[in-house]
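The values are calculated or read from the model by the stated rules, or taken from the named source; none is laboratory data. Keep in mind that this is a model prediction, so the values were computed, not measured. In this analysis, Cβ positions are derived from the backbone assuming ideal geometry, glycine residues included, and neighbour counts consider all displayed protein chains. To get the accessible areas, we keep the full protein, side chains included, count just its heavy atoms, and leave off ligands, DNA and RNA. Shrake-Rupley method; radii C 1.70, N 1.55, O 1.52, S 1.80 Å.
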Amino acid sequence: MKTPPLFARALKKSYACAPVVDDLSFTLEKGGCFGLLGPNGAGKTTTLKLCLGLAVPDAGEITLAGHRVPEAAQTARASVGVVPQFDNLDPDFTVSENLRVFGRYFGLSKKEMTARMDDLLRFSSLEGKRDTRINALSGGMRRRLTLARALVNDPNILFLDEPTTGLDPQARHLIWERLKTLQNLGKTLLLTTHFMDEAERLCDWIMIIDGGRKIAEGSPRELIARHIEAQVIEVYDASGTPGALESFACAARAQSGMEGARMEKSGETLFFYVHAAAARRLLQLLAQWPMLRYAHRAANLEDVFIRLTGRELRD
């Protein structure tokens with residue numbers, strides 16, 4: 001039986017007697033993209049640190065790249081690339097110098113790095129920025145360089161901690177394209193992100209955690225089918241009519257044919273989670289309320305995430 005790129009069983013970690021990772025088990029399949037999702041404070045970053053051997057678990061078993069962690073973490077990390085949540089590029093160096101210096105950590109010679117440099121710059125679309133200092137790069141360029149730096153050692157496994165946070169849509173899409181390219185090359189990805197559209201697009205398998213515990217797992221389609229109604233109608237009052245939303249909510253509850261519909265209010269928006277028949281009824285009712293605006297869409301992973309973890313703000 002082949003050893004998976006990453007295997008974790010019954011991981012536990014507490015700080016000040018408070019559990020941060022609580023009995024987590026998961027396996028990464030070779031060439032897949034595994035999404036680790038959860039609200040702030042759910043235990044995602046601690047889980048990554050445990051898997052990389054940067055923190056020692058209180059209990060549990062970890063195998064990374066065929067090596068026991070934390071016992072052989074340094075050997076295991078030779079096969080891993082890491083894109084941290086926040087860029088830690090050296091501002092005193094140029095683009096190429098950042099890559100060369102990082103290559104030394106893996107024992108790569110100047111000759112080896114010279115041979116890899118063009119491919120890394122081409123992959124990150126930074127060919128024309130070879131001699132540019134970090135402070136002169138845009139946020140998207142720095143993020144692409146951080147991804148290129150994680151590939152210096154030609155890793156088989158990539159840990160990506162919120163790789164597109166703070167980027168504009170164009171930069172995000174370019175990063176997504178590059179990550180798909182890595183998957184096509186057989187690389188295994190572990191991704192954390194707060195962008196549910198990103199997870200839905202990239203991940204083959206997702207585990208959602210909260211309070212350090214697993215609360216759901218499956219493919220994006222499986223999670224949506226299992227945990228949420230098929231359609232969502234968002235209703236809001238653009239006219240500022242006093243009591244309009246409340247009155248509409250009452251009318252919707254009284255509407256026939258709304259069996260199985262679920263309604264939530266968040267701020268100044270009503271969310272109706274419905275199946276096809278109830279959606280038709282609700283849209284017919286909305287036609288009688290011209291002061292209200294609405295959006296009708298298919299359910300997505302963000303709807304699942306909010307249902308499982310709640311709408312309240314996490315610090």
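Overview of results
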item	result
Share of Cα-Cα pairs in region 109-160 lying beyond 13 Å, as whole percent	59
Cα principal axis extents for region 220-279, largest first, Å	40, 25, 13
Gain in span if fully extended, residue 313 to residue 262, counting 0.36 nm per residue against the direct Cα distance	16.2 nm
Accessible area per residue in Å² at 1.4 Å probe, computed on the chain	49
Globularity index of region 201-315, i.e. its alpha-carbon radius of gyration over 2.2 N^0.38 Å	1.18
Cα-derived Rg to Rh of region 1-111, Kirkwood definition	1.02
Relative contact order (%) - the chain, alpha-carbon pairs under 8 angstrom, separation at least six	20
Equivalent-ellipsoid semi-axes of region 51-208, from the Cα gyration tensor, Å, largest first	25, 21, 14
Rel. contact order, % - alpha carbon contacts under 8 angstrom, at least six apart, region 61-157	40
Peptide ranges 220-226, 250-256 listed from the most packed, as the mean C-beta count within 10 angstrom indicates	220-226, 250-256
Helix 169-184 vs. the chain, principal-axis angle (Cα, 0 to 90°, nearest 10)	60
Hydrodynamic radius of region 178-249 per Kirkwood, over alpha carbon pairs, in Å	15.6
Spherically averaged projected area of the chain from its Cα convex hull (nm²)	20.2
Formal net charge of residues neighbouring residue 307 (Cβ-Cβ distance under 10 Å; K, R +1; D, E -1)	-2
Percentage, to the nearest whole number, of Cα pairs in region 40-88 over 13 Å apart	57
Sulfur and carbon atoms: percent of accessible area, the chain [1.4 Å]	50
Size of charge dipole - region 123-185 - debye, nearest 20, with Cβ of Lys, Arg +1 and Asp, Glu -1, no other charges	140
For residue 106, net neighbour charge (Lys/Arg +1, Asp/Glu -1) across residues whose Cβ lies under 10 Å away	0
Reciprocal of mean inverse Cα separation for region 81-135 (Kirkwood radius, Å)	11.7
For the chain, calculated [θ]222 nm from helices alone, where every DSSP H run of n ≥ 4 adds -39500 (n - 2.57)	-10500 deg cm²/dmol
